[in-house]
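Student: Sharing a structure, written as structure tokens. Questions coming.
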Amino acid sequence: MKFANRVKHEIVHTISQKKLLRDYKKSNTNFLLLQIPEHGNLGDQAITLAEERWLEQFSFKYFEAPAELTDGKEETYAKVSTHQKILVQGGGFLGSLWPVEEYRFRRILRAFKNQRVIVFPQTITFDMKTDQGRSFFEESRKVYTSHPNLTIFLRETKSLNFMREHMPTVDVRLVPDSVTTLDVQDYNFDRMGILFCLRSDKEKNISGEGTNNIYKVVSEKYPSEKIAFTDTVVPYEIKKGRRQEEVEAKFKEFAQSKLVITDRLHGMVFAALTGTPCIAIGNSNGKVKGVYQWIKDKNTYVKYVDDLNDFGSTLSQLNLDKKYRYDKSDCIQNFQPVIELLRKENEQ
């Protein structure tokens, strides 16, 4: 039965690949948007929503291609898109932390070596401490620096400084994460309870003991509040037609809570967008802290801690009964380099 299901999946996948390529050949667009997720990471799905809204706001014609359906087919798409500009989904998948996505990005750069490639705001993580890590980096460096017309937008200074030091010939520019620019409605829910949204993957930086200590501090300070656990990752695929609905459902979950405790970058951002008091905790590669810098000044109901010993004092600084509204004005202003470059490329 499992074998039959796998065969059926492969047949459906092949049919979907062929249909996507046919649709692409018939499209008349200025931009090809690659690496679009269909997995259950709602942060990545929200990034795509933000990218789409910017592209549509300025009437940029684009064709959206899911990562799984174009995987290994980059050369095929390159042959029929010689005059298009290539856009790559933002996120945190460049580097050695998520090698499958990094290999795919290398294939994109090789396939579209004669075309303009622009990467939406990313985090880049390479392991420079081991021989294996440095070897992997060197392979990527050769591909990145060989592309004559590549721009990578980065969403935090750690990635920016790394690229300027190790790949100084690559055009890199600092802007906020795309999701920080999203419009989210004021749900005006009666807020109840406290929500923990913590990682369980390779980016996790909190020990089990650390999580237990945080839980104890929170439950002692707010003994009457129910504590629940959630995640910004769901265990199923999300196609384009369900993207808005799924992300909206998570926004609503956050907007009904009095407080969010998270070490997920977009857990922090979702809390900010919905006006939900939040304590963000650093993850393994520093991207949470980096993106926090964009939102902290005008959204003081979101706090960040590096050291869990500071968690209790930080928690005491938050007023869970006050109504907050997200101020995205700085993020919109600082995101403008992306729009200006897209406008320029759209006119050429």
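Student: If I filter the stretch 200-209 for residues that are open to solvent by 50 Å² or more (accessible area, probe 1.4 Å) and under 21 Å from F254 (Cα atoms), do I get at least one hit?
Tutor: yes
Student: Which residues, counting only those in the stretch 237-275, are surrounded by fewer than 23 Cβ atoms within 10 Å (Cβ to Cβ) and of a type in the set (S, T, N, Q)?
Tutor: Selection gives Q244, Q256.
Student: Pick out the one residue from K252, K240, K303 that is farther than 30 Å from I36 by Cβ and at pLDDT 95 or above.
Tutor: Exactly one of K252, K240, K303 is farther than 30 Å from I36 by Cβ and at pLDDT 95 or above, namely K303.
Student: Another question, if that's okay. Do the conditions hold for L315, that is, is it modelled with pLDDT of 95 or more, open to solvent by less than 40 Å² (accessible area, probe 1.4 Å) and out of contact with any Ser or Thr (no Cβ under 6 Å at 6 or more places or on another chain)?
Tutor: Details: modelled with pLDDT of 95 or more: yes; open to solvent by less than 40 Å² (accessible area, probe 1.4 Å): yes; out of contact with any Ser or Thr (no Cβ under 6 Å at 6 or more places or on another chain): yes.
Spelling it out, L315 is indeed modelled with pLDDT of 95 or more, open to solvent by less than 40 Å² (accessible area, probe 1.4 Å) and out of contact with any Ser or Thr (no Cβ under 6 Å at 6 or more places or on another chain).
Student: Being touching a Phe, Trp or Tyr at 6+ places or on another chain (Cβ under 9 Å) and open to solvent by less than 10 Å² (accessible area, probe 1.4 Å) is the filter here; which residues of the stretch 283-302 pass it?
Tutor: Correct list: V288, I295, N299, Y301, V302.
Student: Take the stretch 206-232 and flag every residue that is within 18 Å of N41 (Cβ to Cβ) and not β-branched (V, I, T).
Tutor: Residues of the stretch 206-232 within 18 Å of N41 (Cβ to Cβ): 229-232.
Once the filter is applied, which keeps residues that are within 18 Å of N41 (Cβ to Cβ) and not β-branched (V, I, T), the stretch 206-232 yields F229, D231.
Student: Among the numbered conditions (1) open to solvent by less than 70 Å² (accessible area, probe 1.4 Å); (2) modelled with pLDDT under 95, tell me where N188 comes up short.
Tutor: (1)
Student: Mind listing whichever residues of the stretch 120-167 are among the aliphatic types (A, V, I, L, M) and more than 20 Å from K202 (Cβ to Cβ)?
Tutor: V143, L150, I152, L154, L160, M163, M167
Student: Separate question: Could you tell me which residue of the stretch 214-236 is farthest from E68 (Cα to Cα), considering only residues that are part of a helix (DSSP H, G or I) and open to solvent by less than 30 Å² (accessible area, probe 1.4 Å)?
Tutor: The qualifying residue farthest from E68 (Cα to Cα) is V218.
Student: Also: Residues that are more than 20 Å from the chain's Cα centre (by Cα) and among the acidic types (D, E): find the strands (runs of 3 or more DSSP E) completely inside the stretch 127-213 holding 1 or more of those. Outline the logic, then answer.
Tutor: Details: elements: 150-154, 171-174, 194-197.
Hits in the stretch 127-213: 171-174.
Student: Please verify whether the stretch 85-95 includes one or more residues that are surrounded by fewer than 19 Cβ atoms within 10 Å (Cβ to Cβ) and either free of Cβ contacts under 8 Å to residues at least 60 places away in the same chain or under 17 Å from H39 (Cβ atoms) (or both). Walk me through it before giving the result.
Tutor: Taking the stretch 85-95 and keeping what is surrounded by fewer than 19 Cβ atoms within 10 Å (Cβ to Cβ), we get none.
Within the stretch 85-95, not a single residue is surrounded by fewer than 19 Cβ atoms within 10 Å (Cβ to Cβ) and either free of Cβ contacts under 8 Å to residues at least 60 places away in the same chain or under 17 Å from H39 (Cβ atoms) (or both).
Student: I've got another one for you. Working carefully through the options E139, E101, E165, find the one that is surrounded by fewer than 20 Cβ atoms within 10 Å (Cβ to Cβ) and touching a residue at least 60 places away in the same chain (Cβ under 8 Å).
Tutor: Criteria check complete, one pass: E101.
The values are calculated or read from the model by the stated rules, or taken from the named source; none is laboratory data. All of these numbers come straight from a predicted model, not from anything done at the bench. Cβ: placed from backbone, ideal geometry, glycine included. Neighbour counts: every protein chain shown. The protein model used for the area step is the full one, side chains on, heavy atoms only, and it has no ligands, DNA or RNA in it. Shrake-Rupley method; radii C 1.70, N 1.55, O 1.52, S 1.80 Å.
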